[in-house]
Each structure stands twice: as structure tokens, then as C-alpha cells.
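Structure, as C-alpha cells:
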Amino acid sequence: MSGEKLWGGRFEGALDPAFEAFNASLRFDRRLLFAELRQSTAWARALARAGVLTQVEAERIATALEKLGRELAADATPLDRSEAEDIHSFVEAALVREVGELGRRLHTGRSRNDQVATDLKLYLREELAHLDRALHDLCAALVALAEATADLALPGYTHLQRAQPITAGHHALAYVEMLARDADRLGDAKARMETCPLGSGALAGCPWPIDREILARELGFARPTANSLDGVSDRDHVIEVLSAASLILIHLSRLAEDWIFLASQEAGLITLGDDVSTGSSLMPHKKNPDALELIRGKCGRVIGNLTGFLATSKALPLAYDKDLQEDKEALFDTLDTTRACLGVMTTVTGGVRYDRERCRAAAERGFLDATDLADLLVKAGLPFRDAHERVGAAVRAALEAGCELRDLAPELRASLLGELEVDPRQALTLATILERRSTIGGTAPAEVARQVAAWKERLEAWPKS
Ligand code: ARG
């Protein structure tokens, strides 16, 4: 309704209805309602401190805004039905309905440009706390899995070719490392969101004697933004969050891919819970890893939100431009998607079951002991490069003979690996191969157990943010 427009005075004609719908953002920026109410309350008090409103007036506004928040929390129908352009117009119109002319004074010295920039940071702070919790919970589930599988041998791959044995616990902890860095990254982004744009006006600053230091602190920020042009047009923090979320999804998509492969009949090394798998409408025997596939797929969407908004931001002239309204749908979709993926991955993690016997059997086939055999020759005095070549020739012979290296016939072993001082059948057991890798960060069960213990402590102390 043009009656609720915040800028009608200059215009004679009405808006084209299609453009009006195109321009409106209430459909998505209604999420900023509570940030807008908080911000408006703080602004009313800042105006009172500046002598623009009386304290009584500011408190009347604060009370009306609080009432509005309570009513809308109980029943959001007025928001559903509203034809307001955006959340800022909606709140102002509701305030005027409640307190009359006084409501029309609140916008003194303020612009939707500094409002929306402030609201978005307030909103993001809360959302980042949710994401941090979700990351914590997934890490906790992975650490529990790592603890249960600290000594469970599994083929490790490079180029998706069998490489060396690893422990399943080691594999799970690799993802804990990634996700913990993701949480750090969100924390870093949050630290740069500690500046409050409110009081920047439309672009040039506020001509009323607003104490922006007090205002910033009242809204929970460390300080005000230092340049009003930057304050209203900066969306670096949005891009940082979109980017950090893309990395989260990249990590989740890699874990999804690993587990989809391990759960395939070709590998058959894990089973996934029924609660996160689906069947086929046609093929009665199917059990499909849909949860993991969706996570893998949604990674593309989250990266798309990042690249889309990066492109939107390029070459935007100072200060505010309406292009910036495009930040919200990208950001909200990424926040929702990331949170949902973390939650589903936590459930998947709780239901992953490794088939110990099949994992062990797989880790004992495919020459996963070749590097360790070369090391045995090194122990017998050969330079590693020569040992590598010898074992390579032995692999060729074993392939021809259709056996593993440790089972090469004695004559072949003597001719190819004559320097060996020990029987590889004893020296190259799976347990020995795993245990040898006990330096920091290695796959040895004891080292994995040590890392699990360290992670449990870190999870206890995980920043609550
Ligand atoms: N809905 C707008 C946004 O999201 C709010 C700011 C509008 N400012 C303006 N000058 N039109 O960016």
C-alpha cells in the first residue's frame, strides 16, 4: 500500500504493480524483524540522549516495539498479510499505528541504509552462534565415531587407488580438523562484525549529536563503524560468511562422497542407517544414500550463493545501491542450507557402521604393505630409492603370480628381495603397519586414541560464542 511507503512525498504517480512486487523485500527480510525492533529501540534511546526525543517518548516507543515483538512472536499473520515494502516500513507503520505521530519521529537522522546494515549484523551474530553449535555437534559425533574405530583398519586411498592402511578413527578425525577450522573461520568473520553501522545515515553520517559509541555498545557491538560510506555499503561480512559456509559444505561433500563410496556394493565397507537412507519406487532391493547425496548436491548451491553475490558486489559504486538487497536471499539460503546439512550429517555419523572384517580383508589386499616392505629393505641397508625399485619389481612379479607381496614364493623373494632380514609375513602384519605410524598426526591406533582424547577436551572447551 502506497500509504505505508516511506518515501511517497516526492512522487505523483503510483508504482507499476509488477515493479512494486519486484522491489519489495518483506517476503525475505521479515527474518530481520527482531533485529529491526532491537535496533529501533536503541535508536529511540540514542535520539533521546541527543535531545531529539524526550526520554519519556523514547520509552513509549520502546514499549510499543516490545509489544509488537511479543504479538508477532505469538502470531505472524500481520506480517503474512502486510503489503509493506520491507521490514523497516512494516515496523514503522506498526509503530505509528500504536503510538501515533510520535512514531513518525523515530526516523530522524536514520536511513534504511544504516538500518539494514545494522540489522543484518545483529541477525548474523545469532545465526553464527547456531552454526557454531551445529559444527560442535557434528565434531562430537565424529569424535565418538573415531573413538569407536580408533584401531579399525581400513584401506586408505590416493587417486582412489588403494594406498596404505589407515584406521577408520583417523579418517573421522580428519573431518574434525576441517570442521574445527571452519568454526574458527566463522569466529574470525564474527570478530570483524563487531562494528555498528547505525548512525551512518544514508551515506554521509548523522547530523544529530548521536553518541555512536554508546549506541554501538547498547546493541552489543564493540564500536561504531569508522566511515559512514563504508558503514552503509560494506557487505564483506556477508561474503565472508558465504565463503566460510562454502568451505563447510565442501568439507561435508567430501565426507559424503567418502561414505557413499564406502557404502557402495563395490566397496561394501560401511552401512548407513535406515533413518537416512531411502528405497526405490521400482527396485525393491535398493537402499540409497540420499542424505549424503543431498549434502553433496547442496554444496553446489551454497557455492552458487557465494559466487552470485561476489558478482553482484563487483564494481558497485559507493555508497548504498539497491543491488545490495540481493545479499539477503543468498545469505539466508546459505545459512539455512548449511545448518540443515550439518544436522543431517550429524545424524548420518551416528548411524555409520563399519564392517570390521571386510575392512580388514580389504586392507590386506592390493599391496597396501608395499611401502613398508621397502622400509624393511632400508632397514637392511638399501637406499630408499633402490628399495622402491626392488619392491616395484616384486609387485610386478606378485601381480603375475596372483598373490600378495608377503606370499611371494621363497625363490622369487630371494632373487628380488634378497637383502630382507625378516620374514615379511611376520614383519608386515596390518597391526604392525598401522602401529609404525605413531608420529604426531599418524594413523596408529595409539596416536588416534591420543587425538581423540585431545579432541574431547577441546570439545568441552569449545567456544560457546
Ligand atoms: N530492503 C533494502 C535492502 O535490503 C533496505 C535498504 C533500502 N534502502 C534504500 N535506499 N532503498 O537493502
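Coordinate-derived values only; no laboratory data. If you're wondering where the values come from, they're calculated on a predicted model, not measured in any experiment. With ideal geometry, Cβ positions are generated from the backbone for all residues, glycine too; neighbour counts draw on all protein chains shown.
A run of the chain free of exposed loop cleavage sites, with GluC sites (Glu not before Pro) counted only in DSSP states other than H, G, I, E and B and at most 15 other beta carbons within 10 Å, reaches its longest extent at 267-418.
So what is the diffusion coefficient of segment 417-465 in µm² per second by Stokes-Einstein at 10 °C and 1.306 mPa s, using a Kirkwood Rh over Cα pairs? Using the Kirkwood radius from Cα pairs, D works out to 120 µm²/s. Pairs from the table (LYS121/LYS456; LYS298/LYS328; LYS190/LYS314) lying more than 20 angstrom apart at Cα are LYS121/LYS456; LYS190/LYS314. Kindly identify segment 38-169 as rounded, prolate or oblate by the Cα gyration tensor criterion: order the square roots of the eigenvalues as a ≥ b ≥ c, call it rounded if a/c is under 1.5, otherwise compare a/b with b/c, prolate if a/b is larger, else oblate. Prolate is the answer for segment 38-169, as a/c is 1.5 or above and a/b outweighs b/c.
Tell me whether segment 54-96 comes out rounded, prolate or oblate; compute the Cα gyration tensor, take square roots of the eigenvalues as a ≥ b ≥ c, and use a/c under 1.5 as the rounded threshold.
In terms of gyration-tensor shape, oblate.
Phi angles of segment 82-89 translate, via the Karplus equation with coefficients 6.51, -1.76, 1.60 and θ = phi - 60°, into HN-Hα couplings of 5, 10, 4, 5, 8, 5, 5, 5 Hz per residue; Gly and Pro are given as x. The alpha-carbon atoms of segment 1-113, seen along their principal axes, cover 42, 35, 23 angstrom, with the largest extent given first. Residues whose amide H comes within less than 5 Å of that of ILE270, counting only those at least five positions distant or on another chain, are ALA263, ASP355 (H built at 1.01 Å from N in the peptide plane).
Which of the three applies to segment 283-348, rounded, prolate or oblate, going by the alpha-carbon gyration tensor with a ≥ b ≥ c and a/c under 1.5 meaning rounded? Before the final figure, lay out the partial values.
Values: a/c = 4.55, a/b = 3.04, b/c = 1.50.
Note, shape of segment 283-348 comes out prolate.
With q set to 0.13, 0.15, 0.26 Å⁻¹, the log10 of I(q)/I(0) for segment 205-265, from the Debye formula over equal scatterers at the Cα positions, is -0.58, -0.66, -1.06. For ILE166, the amide hydrogen comes within under 5 Å of the amide hydrogens of LEU154, GLY156, counting only partners 5 or more places away or on other chains and with H modelled in the peptide plane. Electrostatic bookkeeping for GLU66 treats Lys and Arg as +1 and Asp and Glu as -1; over the other residues with beta carbon under 14 Å from its beta carbon, the sum is +1.
Taking θ as phi - 60° and the Karplus parameters 6.51, -1.76 and 1.60, the scalar couplings of segment 188-201 work out to 4, 4, 5, 4, 7, 9, 7, 10, 9, x, 4, x, 8, x Hz in sequence order, x denoting glycine and proline.
Which percent, nearest 5, of DSSP beta bridges in segment 128-279 are antiparallel?
75 percent
Its residue count N fixes a reference of 2.2 N^0.38 Å for the chain, and the Cα radius of gyration divided by that reference is 1.34. Each Lys or Arg adds one and each Asp or Glu subtracts one; over the other residues with Cβ under 11 Å from the Cβ of ALA444, this totals 0. Rounded to the nearest Hz, the phi-derived 3J(HN,Hα) couplings of segment 239-246 under the Karplus curve 6.51 cos²θ - 1.76 cosθ + 1.60 (θ = phi - 60°) are 5, 4, 5, 4, 6, 4, 5, 4, where x marks glycine and proline. One equal scatterer on each Cα of segment 15-78, no solvent, Debye formula: the resulting log10 I(q)/I(0) at q = 0.12, 0.16 Å⁻¹ is -0.43, -0.67.
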